[in-house]
Amino acid sequence: MATLLTNRARAWVYSGAWVADCPRGCGNVEYLFDLFDARDPTSPRTVRKPQFWCSYCHLLADIEWAADEADIMAVLGRRPIPHNRNWLPAGHEFALRAGLPHGQTVADLEDENTEHGIGGQ
């Protein structure tokens, strides 16, 4: 039986795929799109899940998406290696613990691309 809606799951990008941590804190991470190939930046990501459902603790929650979700993916999609296609929202707990960049703007991501020799659009 699924738990009622509680906190929002914050969407973030891991290796070119939108994911979210379980807001209950059970430690699980779920993909937020069905049917995608993270190794292929042109792979369609059209089956967006309407809500976060934790397959571990069965929490059901709304998803908090980045306002510039499409632009973030467009910039990250130009990176040739999926391992380098990452983005975390401002104040994300994992980013803070690991000392990773978080809350980057699209311009920040573009600057990173330029620093690594990845051209624009």
Scan the stretch 63-84 for residues that are in a loop (DSSP other than H, G, I, E, B) and farther than 23 Å from Asn7 by Cβ and jot them down.
-> Gly77, Arg78, Arg79, Pro80, Ile81
The one condition His83 fails out of (1) out of contact with any strand residue (DSSP E or B) (no Cβ under 9 Å at 6 or more places or on another chain); (2) farther than 16 Å from Ser15 by Cβ; (3) loosely packed, with under 13 Cβ neighbours inside 10 Å is (2)
Does Pro82 satisfy the condition of being closer than 25 Å to Asp21 by Cα and at pLDDT 95 or above?
-> no
Only one of Ala90, Ala70, Ala74, Ala95 is touching a residue at least 24 places away in the same chain (Cβ under 8 Å) and hydrophobic (A, V, I, L, M, F, W, C); which?
-> Ala74
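Residues are listed down the side, and each one gets a yes or a no for (1) at pLDDT 95 or above; (2) touching a strand residue (DSSP E or B) at 6+ places or on another chain (Cβ under 6 Å):
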site: Lys49; (1), (2): no, no
site: Leu60; (1), (2): yes, yes
site: Ala90; (1), (2): yes, no
site: Gly103; (1), (2): yes, no
site: Val106; (1), (2): yes, no
site: Gln121; (1), (2): no, no
Top-ranked residue in the stretch 85-118 [being outside any loop (DSSP other than H, G, I, E, B) and among the charged types (D, E, K, R); ranked as farthest from the chain's Cα centre (by Cα)] | Glu115
Quick one: Ile63 ticks every box in (1) in contact with a helix residue (DSSP H, G or I) (Cβ under 9 Å, 6 or more places away or on another chain); (2) surrounded by 18 or more Cβ atoms within 10 Å (Cβ to Cβ) bar one, so which box is it?
-> (1)
Flag if Leu60 is assigned to a loop (DSSP other than H, G, I, E, B), farther than 12 Å from Val13 by Cα and over 13 Å from the mean Cα position of the chain (by Cα) | no
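The values are calculated or read from the model by the stated rules, or taken from the named source; none is laboratory data. Only a predicted model underlies this, so the values are computations on that prediction, with no experimental measurement involved. Virtual Cβ from ideal backbone geometry, glycine too; neighbours counted across all protein chains shown.
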